[in-house]
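This report refers to the structure that appears directly beneath it.
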Amino acid sequence: MYVKSMVVDGFKSYGQRTEINDFDPLFNAITGLNGSGKSNILDAICFLLGITNLSQVRATNLQELVYKNGQAGVTKATVTITFDNTDKKQSPIGYEHYAEVTITRQVVIGGRNKYMINGTTVQNSRVQDFFRSVQLNVNNPHFLIMQGRITKVLNMKPPEILAMIEEAAGTRMYESKKQQAQKTIEKKDAKLKEINDILQEEITPTLSKLKEERTMYLEFQKVQRELEHLTKLYIAYKFLSAQETNEKAREEHEGVKKQINDMQQSISNGARERKELDNQIIQLQQIRDTAP
(Lines give C-alpha, C1' and ligand atoms only; values in the text may rest on other atoms or scores of the structure.)
Protein backbone atom coordinates (compact mmCIF):
# COMPACT_ATOMS: atom_id res chain seq x y z
CA MET A 1 0.00 0.00 0.00
CA TYR A 2 1.42 3.39 -1.00
CA VAL A 3 0.23 6.97 -1.49
CA LYS A 4 -1.35 7.40 -4.91
CA SER A 5 -2.63 10.97 -4.64
CA MET A 6 -3.51 13.59 -2.07
CA VAL A 7 -5.74 16.64 -1.82
CA VAL A 8 -5.00 19.56 0.50
CA ASP A 9 -7.73 22.14 1.06
CA GLY A 10 -7.50 24.98 3.59
CA PHE A 11 -4.49 23.42 5.33
CA LYS A 12 -1.79 25.87 6.40
CA SER A 13 -0.56 27.78 3.34
CA TYR A 14 -2.87 25.91 0.98
CA GLY A 15 -5.94 28.15 1.08
CA GLN A 16 -7.35 26.69 -2.12
CA ARG A 17 -7.91 23.08 -3.04
CA THR A 18 -4.63 21.58 -4.24
CA GLU A 19 -4.35 18.07 -5.70
CA ILE A 20 -1.04 16.21 -5.90
CA ASN A 21 -0.73 13.13 -8.10
CA ASP A 22 1.89 10.81 -9.58
CA PHE A 23 3.49 9.59 -6.36
CA ASP A 24 6.14 6.92 -6.83
CA PRO A 25 5.43 3.57 -5.09
CA LEU A 26 8.97 3.38 -3.64
CA PHE A 27 10.60 6.80 -3.23
CA ASN A 28 9.42 10.40 -3.29
CA ALA A 29 11.07 13.72 -2.66
CA ILE A 30 9.49 17.15 -2.20
CA THR A 31 11.56 19.93 -3.75
CA GLY A 32 11.01 23.60 -4.35
CA LEU A 33 11.98 27.11 -3.41
CA ASN A 34 11.94 28.36 0.16
CA GLY A 35 8.40 29.27 1.20
CA SER A 36 6.77 27.25 -1.57
CA GLY A 37 5.04 24.94 0.92
CA LYS A 38 7.26 21.84 0.86
CA SER A 39 7.11 21.28 4.63
CA ASN A 40 3.35 21.80 4.67
CA ILE A 41 2.92 18.81 2.36
CA LEU A 42 4.75 16.62 4.89
CA ASP A 43 2.77 18.26 7.69
CA ALA A 44 -0.46 17.44 5.87
CA ILE A 45 0.57 13.77 5.58
CA CYS A 46 1.46 13.64 9.29
CA PHE A 47 -1.82 15.38 10.14
CA LEU A 48 -3.79 12.75 8.26
CA LEU A 49 -1.79 9.91 9.83
CA GLY A 50 -2.98 11.18 13.23
CA ILE A 51 0.03 12.89 14.75
CA THR A 52 -0.62 13.96 18.35
CA ASN A 53 2.52 16.02 18.99
CA LEU A 54 1.54 19.13 17.03
CA SER A 55 4.97 20.65 17.54
CA GLN A 56 6.16 18.17 14.88
CA VAL A 57 3.95 20.03 12.40
CA ARG A 58 4.86 23.43 13.85
CA ALA A 59 1.55 24.15 15.53
CA THR A 60 0.25 24.46 19.10
CA ASN A 61 -3.38 23.53 18.39
CA LEU A 62 -5.49 22.18 15.57
CA GLN A 63 -6.98 25.56 14.71
CA GLU A 64 -3.54 26.84 13.70
CA LEU A 65 -3.58 24.26 10.90
CA VAL A 66 -6.45 26.11 9.19
CA TYR A 67 -5.42 28.57 6.51
CA LYS A 68 -4.51 31.85 8.27
CA ASN A 69 -6.21 30.57 11.43
CA GLY A 70 -9.60 30.91 9.79
CA GLN A 71 -9.33 34.68 9.36
CA ALA A 72 -9.36 34.63 5.57
CA GLY A 73 -12.83 33.15 5.14
CA VAL A 74 -11.57 29.55 5.27
CA THR A 75 -13.00 27.83 8.36
CA LYS A 76 -11.76 24.27 7.93
CA ALA A 77 -8.69 22.34 6.91
CA THR A 78 -9.09 19.10 4.97
CA VAL A 79 -6.49 16.58 3.90
CA THR A 80 -7.41 13.56 1.78
CA ILE A 81 -4.99 10.83 0.74
CA THR A 82 -5.81 8.00 -1.64
CA PHE A 83 -3.78 4.85 -1.09
CA ASP A 84 -3.13 2.25 -3.77
CA ASN A 85 -4.25 -1.09 -2.29
CA THR A 86 -3.70 -3.46 -5.20
CA ASP A 87 -1.01 -5.44 -3.33
CA LYS A 88 -3.28 -7.58 -1.14
CA LYS A 89 -0.32 -8.96 0.86
CA GLN A 90 0.21 -5.50 2.33
CA SER A 91 -3.46 -4.52 2.61
CA PRO A 92 -4.80 -3.19 5.92
CA ILE A 93 -6.83 -5.68 7.93
CA GLY A 94 -10.43 -5.65 6.74
CA TYR A 95 -9.77 -3.70 3.52
CA GLU A 96 -8.33 -6.46 1.31
CA HIS A 97 -11.24 -6.20 -1.15
CA TYR A 98 -10.63 -2.48 -1.93
CA ALA A 99 -8.37 -1.51 -4.83
CA GLU A 100 -8.06 1.98 -3.36
CA VAL A 101 -8.60 3.34 0.14
CA THR A 102 -9.33 7.02 0.64
CA ILE A 103 -8.81 8.57 4.06
CA THR A 104 -9.85 12.10 4.96
CA ARG A 105 -9.15 14.11 8.07
CA GLN A 106 -10.84 17.45 8.66
CA VAL A 107 -10.56 20.04 11.41
CA VAL A 108 -13.02 22.93 11.70
CA ILE A 109 -12.57 26.21 13.53
CA GLY A 110 -14.15 25.59 16.92
CA GLY A 111 -12.38 22.31 17.62
CA ARG A 112 -14.45 19.77 15.71
CA ASN A 113 -12.26 17.03 14.25
CA LYS A 114 -13.38 14.07 12.15
CA TYR A 115 -12.02 11.16 10.11
CA MET A 116 -13.51 9.43 7.10
CA ILE A 117 -12.55 6.19 5.39
CA ASN A 118 -13.95 5.81 1.87
CA GLY A 119 -16.45 8.58 2.65
CA THR A 120 -17.74 7.04 5.89
CA THR A 121 -17.14 8.87 9.16
CA VAL A 122 -15.18 6.71 11.62
CA GLN A 123 -13.58 7.09 15.03
CA ASN A 124 -9.97 8.13 15.52
CA SER A 125 -9.06 4.74 17.04
CA ARG A 126 -10.24 2.91 13.93
CA VAL A 127 -7.97 5.03 11.71
CA GLN A 128 -5.03 4.43 14.03
CA ASP A 129 -5.63 0.68 13.86
CA PHE A 130 -5.82 0.99 10.08
CA PHE A 131 -2.35 2.54 9.89
CA ARG A 132 -0.78 0.35 12.56
CA SER A 133 -1.88 -2.76 10.69
CA VAL A 134 0.47 -1.67 7.87
CA GLN A 135 3.25 -0.58 10.26
CA LEU A 136 2.49 3.15 10.07
CA ASN A 137 2.53 4.90 13.45
CA VAL A 138 3.24 8.57 13.06
CA ASN A 139 3.34 8.98 16.84
CA ASN A 140 6.34 6.71 17.16
CA PRO A 141 9.18 9.01 18.26
CA HIS A 142 11.34 7.68 15.41
CA PHE A 143 8.76 7.81 12.65
CA LEU A 144 9.94 11.27 11.63
CA ILE A 145 13.67 11.87 11.57
CA MET A 146 14.27 15.57 11.21
CA GLN A 147 17.50 17.34 10.34
CA GLY A 148 20.13 16.95 13.04
CA ARG A 149 18.63 13.74 14.48
CA ILE A 150 20.57 11.19 12.44
CA THR A 151 23.30 11.00 15.06
CA LYS A 152 20.68 10.58 17.79
CA VAL A 153 19.15 7.64 15.92
CA LEU A 154 22.54 6.01 15.62
CA ASN A 155 23.05 6.36 19.37
CA MET A 156 19.63 5.02 20.36
CA LYS A 157 19.28 2.95 23.53
CA PRO A 158 17.92 -0.65 23.47
CA PRO A 159 14.34 0.33 24.44
CA GLU A 160 14.25 2.82 21.59
CA ILE A 161 15.65 0.25 19.16
CA LEU A 162 13.02 -2.23 20.40
CA ALA A 163 10.31 0.35 19.69
CA MET A 164 11.55 0.71 16.12
CA ILE A 165 11.66 -3.07 15.65
CA GLU A 166 8.14 -3.44 17.05
CA GLU A 167 6.94 -0.73 14.71
CA ALA A 168 8.56 -2.39 11.71
CA ALA A 169 7.24 -5.84 12.66
CA GLY A 170 3.73 -4.51 13.22
CA THR A 171 3.50 -5.74 16.80
CA ARG A 172 3.28 -2.25 18.27
CA MET A 173 -0.41 -2.16 17.44
CA TYR A 174 -1.07 -5.24 19.56
CA GLU A 175 1.06 -3.87 22.38
CA SER A 176 -1.06 -0.71 22.37
CA LYS A 177 -4.22 -2.82 22.34
CA LYS A 178 -2.80 -4.87 25.22
CA GLN A 179 -2.15 -1.70 27.22
CA GLN A 180 -5.64 -0.42 26.46
CA ALA A 181 -7.11 -3.78 27.49
CA GLN A 182 -5.09 -3.72 30.74
CA LYS A 183 -6.33 -0.20 31.47
CA THR A 184 -9.89 -1.32 30.75
CA ILE A 185 -9.46 -4.32 33.05
CA GLU A 186 -8.09 -2.06 35.79
CA LYS A 187 -11.07 0.26 35.41
CA LYS A 188 -13.48 -2.69 35.46
CA ASP A 189 -11.72 -4.13 38.54
CA ALA A 190 -11.96 -0.77 40.29
CA LYS A 191 -15.64 -0.55 39.36
CA LEU A 192 -16.19 -4.14 40.54
CA LYS A 193 -14.47 -3.33 43.86
CA GLU A 194 -16.65 -0.25 44.21
CA ILE A 195 -19.76 -2.33 43.52
CA ASN A 196 -18.65 -4.98 46.03
CA ASP A 197 -18.02 -2.28 48.64
CA ILE A 198 -21.46 -0.84 48.05
CA LEU A 199 -22.89 -4.36 48.20
CA GLN A 200 -21.19 -5.12 51.52
CA GLU A 201 -21.69 -1.71 53.15
CA GLU A 202 -25.14 -0.71 51.93
CA ILE A 203 -27.06 -3.34 50.04
CA THR A 204 -26.32 -6.40 52.24
CA PRO A 205 -27.30 -4.66 55.52
CA THR A 206 -30.40 -3.30 53.82
CA LEU A 207 -31.30 -6.77 52.53
CA SER A 208 -30.79 -8.25 56.01
CA LYS A 209 -33.03 -5.58 57.49
CA LEU A 210 -35.64 -6.13 54.80
CA LYS A 211 -35.54 -9.91 55.39
CA GLU A 212 -36.05 -9.33 59.11
CA GLU A 213 -38.90 -6.92 58.43
CA ARG A 214 -40.39 -9.43 55.98
CA THR A 215 -40.27 -12.16 58.63
CA MET A 216 -41.92 -9.85 61.14
CA TYR A 217 -44.55 -8.85 58.59
CA LEU A 218 -45.33 -12.49 57.76
CA GLU A 219 -45.64 -13.24 61.48
CA PHE A 220 -47.91 -10.23 61.86
CA GLN A 221 -50.07 -11.46 58.95
CA LYS A 222 -50.25 -14.91 60.56
CA VAL A 223 -51.33 -13.44 63.92
CA GLN A 224 -53.80 -11.15 62.16
CA ARG A 225 -55.33 -14.12 60.29
CA GLU A 226 -55.59 -16.08 63.53
CA LEU A 227 -57.18 -13.06 65.22
CA GLU A 228 -59.70 -12.70 62.40
CA HIS A 229 -60.48 -16.43 62.60
CA LEU A 230 -60.92 -16.31 66.39
CA THR A 231 -63.01 -13.16 66.07
CA LYS A 232 -65.33 -14.92 63.62
CA LEU A 233 -65.58 -17.89 65.97
CA TYR A 234 -66.37 -15.58 68.89
CA ILE A 235 -69.05 -13.77 66.89
CA ALA A 236 -70.54 -17.12 65.83
CA TYR A 237 -70.49 -18.31 69.45
CA LYS A 238 -72.17 -15.10 70.61
CA PHE A 239 -74.77 -15.47 67.87
CA LEU A 240 -75.54 -19.08 68.81
CA SER A 241 -75.67 -18.16 72.50
CA ALA A 242 -78.03 -15.31 71.71
CA GLN A 243 -80.18 -17.68 69.65
CA GLU A 244 -80.32 -20.17 72.55
CA THR A 245 -81.14 -17.40 75.02
CA ASN A 246 -83.81 -16.09 72.69
CA GLU A 247 -85.30 -19.59 72.34
CA LYS A 248 -85.35 -20.06 76.09
CA ALA A 249 -86.92 -16.63 76.59
CA ARG A 250 -89.54 -17.43 73.95
CA GLU A 251 -90.36 -20.71 75.67
CA GLU A 252 -90.54 -18.97 79.03
CA HIS A 253 -92.73 -16.30 77.46
CA GLU A 254 -95.07 -18.95 76.10
CA GLY A 255 -95.18 -20.63 79.51
CA VAL A 256 -95.97 -17.35 81.30
CA LYS A 257 -98.56 -16.54 78.69
CA LYS A 258 -100.17 -19.94 79.23
CA GLN A 259 -100.13 -19.40 82.97
CA ILE A 260 -101.77 -16.01 82.47
CA ASN A 261 -104.42 -17.58 80.26
CA ASP A 262 -104.98 -20.32 82.84
CA MET A 263 -105.26 -17.74 85.60
CA GLN A 264 -107.64 -15.64 83.50
CA GLN A 265 -109.70 -18.80 82.90
CA SER A 266 -109.66 -19.53 86.62
CA ILE A 267 -110.74 -15.97 87.35
CA SER A 268 -113.55 -16.29 84.84
CA ASN A 269 -114.62 -19.58 86.37
CA GLY A 270 -114.44 -18.07 89.87
CA ALA A 271 -116.52 -15.10 88.78
CA ARG A 272 -119.12 -17.41 87.25
CA GLU A 273 -119.20 -19.52 90.35
CA ARG A 274 -119.49 -16.39 92.47
CA LYS A 275 -122.31 -15.19 90.32
CA GLU A 276 -124.05 -18.54 90.69
CA LEU A 277 -123.48 -18.40 94.43
CA ASP A 278 -124.89 -14.89 94.53
CA ASN A 279 -127.98 -16.11 92.65
CA GLN A 280 -128.34 -19.00 95.04
CA ILE A 281 -128.03 -16.61 98.02
CA ILE A 282 -130.70 -14.38 96.52
CA GLN A 283 -132.97 -17.32 95.98
CA LEU A 284 -132.40 -18.55 99.52
CA GLN A 285 -133.10 -15.06 100.88
CA GLN A 286 -136.32 -14.95 98.89
CA ILE A 287 -137.32 -18.33 100.23
CA ARG A 288 -136.52 -17.25 103.70
CA ASP A 289 -138.50 -14.08 103.37
CA THR A 290 -141.55 -15.83 102.01
CA ALA A 291 -141.57 -18.58 104.61
CA PRO A 292 -144.36 -18.27 107.30
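The values are calculated or read from the model by the stated rules, or taken from the named source; none is laboratory data. This structure is a prediction, so every number in the text was calculated from the model and none was measured. No Cβ is skipped: glycine too gets one built from the backbone with ideal geometry, and neighbour counts run over all protein chains shown. In case anyone asks, the SASA skips ligands and DNA or RNA and just uses the protein heavy atoms, side chains included. Shrake-Rupley method; radii C 1.70, N 1.55, O 1.52, S 1.80 Å.
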Residue match in segment 280-289 (condition: surrounded by 10 or more Cβ atoms within 10 Å (Cβ to Cβ) and of a type in the set (Asp, Glu)): no
Segment 159-194 - residue that is charged (D, E, K, R) and closer than 18 Å to residue 129 by Cα and, of those, modelled with the highest pLDDT: 183
Residues of segment 88-131 satisfying the condition of being among the charged types (D, E, K, R), within 28 Å of residue 26 (Cβ to Cβ) and either in a strand (DSSP E or B) or open to solvent by less than 70 Å² (accessible area, probe 1.4 Å) (or both): 100, 105, 129
Residue, farthest from residue 71 (Cα to Cα), within segment 2-26, restricted to residues that are in contact (Cβ under 8 Å) with a residue 40 or more places away in the chain, in a loop (DSSP other than H, G, I, E, B) and open to solvent by 40 Å² or more (accessible area, probe 1.4 Å): 25
From 275, 257, 222, residue being modelled with pLDDT of 90 or more, assigned to a helix (DSSP H, G or I) and not aromatic (Phe, Trp, Tyr): 222
Inter-residue pairs, beta-carbon under 8 Å, first among the charged types (D, E, K, R) and in segment 126-144, second surrounded by 17 or more Cβ atoms within 10 Å (Cβ to Cβ) and modelled with pLDDT of 80 or more, 6+ apart: 126/115; 126/117
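Does segment 27-58 hold any residues that are without any contact (Cβ under 8 Å) to a residue 12 or more places away in the chain and open to solvent by less than 80 Å² (accessible area, probe 1.4 Å), and which are they?
Residues satisfying the conditions are 29, 32, 36, 38, 54, 55.
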